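A short worksheet on the structure shown next.
The values are calculated or read from the model by the stated rules, or taken from the named source; none is laboratory data. Because the structure is predicted, anything quoted here is derived from the model rather than measured. Every residue, glycine as well, gets a Cβ built from its backbone with ideal geometry; the counts of neighbours run over all protein chains shown. These area figures cover heavy atoms from the full protein model, side chains too; ligands, DNA and RNA do not enter into them. Shrake-Rupley method; radii C 1.70, N 1.55, O 1.52, S 1.80 Å.
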Amino acid sequence: MRFSFLTLALPLTGVAALTTAAITKPAQGFNIFSVQQDIELGAQVAQQTDSLYRAKGQLLSRSGNARAYQLLDGVVKRVLDNGQLKYRTQFPWDVQIIKDDKTQNAFATPGGHIYVFSGLIKYLDNENELAGVLGHEIAHADRRHSTQTMQKQYGTSMLLGLLLGSRSNSQLVQIAAGLGQLKFSRAYETEADKYSTIYLNGTRYYACDGAAGFFIKAEKEGSSGTPEFMSTHPNPGSRVQNIQRSAQQLGCTGKTVSNTNFNELKRIL
């Protein structure tokens with residue numbers, strides 16, 4: 001979650017490309033999973049996740065909550081259409097709301113299925129923060145952190161055996177389904193934070209240090225009020241500073257957006 005002005009004479013697209021280039025982008029590591037396997041695995045994890053929360057009565061349907069999804073989709077689409085996603089057209093990038101006001105969390109499966117708890121939306125103070133958190137989760141999916149984490153935690157040999165074996169699907173889905181509760185490495189969290197700033201910069205709408213606002217609020221509240229998101233997204237002390245530094249380098253701090261839609265979303269959830 002986790003954002004040099006050049007010259008006003010440059011076209012906007014040129015400015016976006018050049019300011020984004022000012023931020024060093026980490027290279028993706030080796031991944032034994034193909035992009036298609038990310039997509040297929042993510043679809044199965046999403047199906048299992050949908051079933052779990054639907055059985056609990058917590059998965060909000062689009063038909064019964066059209067306005068809530070319209071408002072959330074607007075933010076998601078702005079972030080997705082930033083021009084910097086590698087798999088913008090390959091991944092489905094659907095978003096689901098889980099009605100649980102006590103849980104402040106969000107996560108993304110391999111292949112770009114995004115889940116946002118109502119408790120997180122209500123915890124946030126403004127739309128910039130929501131965009132920052134969404135950018136962070138989108139980065140985890142687009143940078144394929146889940147399958148790379150599986151590879152590191154379970155070993156290449158074991159996963160290759162599952163990928164090639166006859167019972168690979170069910171076992172891999174069970175492993176991947178638990179990733180939403182796992183802590184990503186500090187390197188992956190730092191990378192997701194950086195890409196959140198890059199994505200929000202590409203929107204030309206949001207202040208690209210939106211994710212920092214969430215972490216600042218969580219740190220002020222201390223351990224007694226720490227949101228669930230922090231348990232699966234460890235927060236090194238330098239995290240806020242890194243996000244703000246990246247935003248300053250991109251020159252996209254201080255933007256304010258109307259919170260009319262965001263406040264309506266909070267109200268109707």
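Taking residue 117, is it among the aromatic types (Phe, Trp, Tyr) and under 20 Å from residue 185 (Cβ atoms)? When the stated conditions are applied, residue 117 does not pass them. Of all the residues in segment 95-123, those that are out of contact with any Pro (no Cβ under 9 Å at 6 or more places or on another chain) and small (Gly, Ala, Ser) number 3.
Residue by residue, here is whether (1) among the aromatic types (Phe, Trp, Tyr); (2) open to solvent by 30 Å² or more (accessible area, probe 1.4 Å); (3) at pLDDT below 95 holds:
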| residue | (1), (2), (3) |
| --- | --- |
| 176 | no, no, yes |
| 187 | no, yes, yes |
| 197 | no, no, no |
| 206 | yes, no, no |
| 213 | no, no, yes |
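Against the test of being buried (at least 24 other Cβ atoms within 10 Å of the Cβ) and modelled with pLDDT under 95, the options 139, 106, 131 yield a single qualifying residue, 106. Taken together, the criteria place residue 49 among residues that are in contact with a Leu (Cβ under 9 Å, 6 or more places away or on another chain) and at pLDDT below 95.
Does at least one position in segment 76-86 carry a residue that is open to solvent by 30 Å² or more (accessible area, probe 1.4 Å), hydrophobic (A, V, I, L, M, F, W, C), within 21 Å of residue 264 (Cβ to Cβ) and not in a strand (DSSP E or B)? No, segment 76-86 has no match at all. Do we have residue 31 as open to solvent by less than 40 Å² (accessible area, probe 1.4 Å), modelled with pLDDT of 95 or more and touching a helix residue (DSSP H, G or I) at 6+ places or on another chain (Cβ under 7 Å) here? So residue 31 fails the test.
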